[in-house]
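Some notes on the structure that comes next.
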Amino acid sequence: MAGACICPAGNTMCGTACVNLQTSNTNCGACGNTCAGGTACSAGRCACPSGTVLCGSSCVNTQTSAANCGACGRACGANQVCTAGACACGGFGQTLCPATDGGAAGCFNLNLSASNCGACGRTCNPGRPCFLGVCR
């Protein structure tokens, strides 16, 4: 226009390119502002896609993330999976037992676990195995 290059309406010149600062993932809200961690530019702001939240520097689904189950930083224990935002046991025949005075929370087979024999927290005497939920 009048001998000078201009950007179409709704776009801004960033370097040598015309960009839409409302939707550009490499120029979001301002030239050079790059969206990272799985975020995308929407209305000039970097945001996580629907169904995810920003935990640290990554977008995660707190309904299924074992490292961020139900909330950022809430990790599930060993042998656990995150289902509907809650930690649960992933293996067949496993029961989630809370931490006890002498043991950690986790998933246990109540038929075979000497520290959770037949029920969470029921401990067999030293040297006595648990078989079919009964200390032997």
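The values are calculated or read from the model by the stated rules, or taken from the named source; none is laboratory data. Note that the structure is predicted; figures quoted are calculated from it, not measured. Cβ atoms come from the backbone with ideal geometry, glycine included; neighbour counts cover every protein chain shown.
Points worth noting:
- Meets criteria (closer than 30 Å to residue 23 by Cβ, surrounded by 15 or more Cβ atoms within 10 Å (Cβ to Cβ) and at pLDDT 95 or above) for residue 65: yes
- For residue 97, the conditions (1) at pLDDT below 90; (2) out of contact with any Gly (no Cβ under 7 Å at 6 or more places or on another chain) all hold with the exception of (2).
- Residue 77 assigned to a loop (DSSP other than H, G, I, E, B), under 14 Å from the mean Cα position of the chain (by Cα) and touching a residue at least 24 places away in the same chain (Cβ under 8 Å): yes
- Residue count, the stretch 80-136 (criterion: of a type in the set (A, V, I, L, M) and assigned to a loop (DSSP other than H, G, I, E, B)): 9
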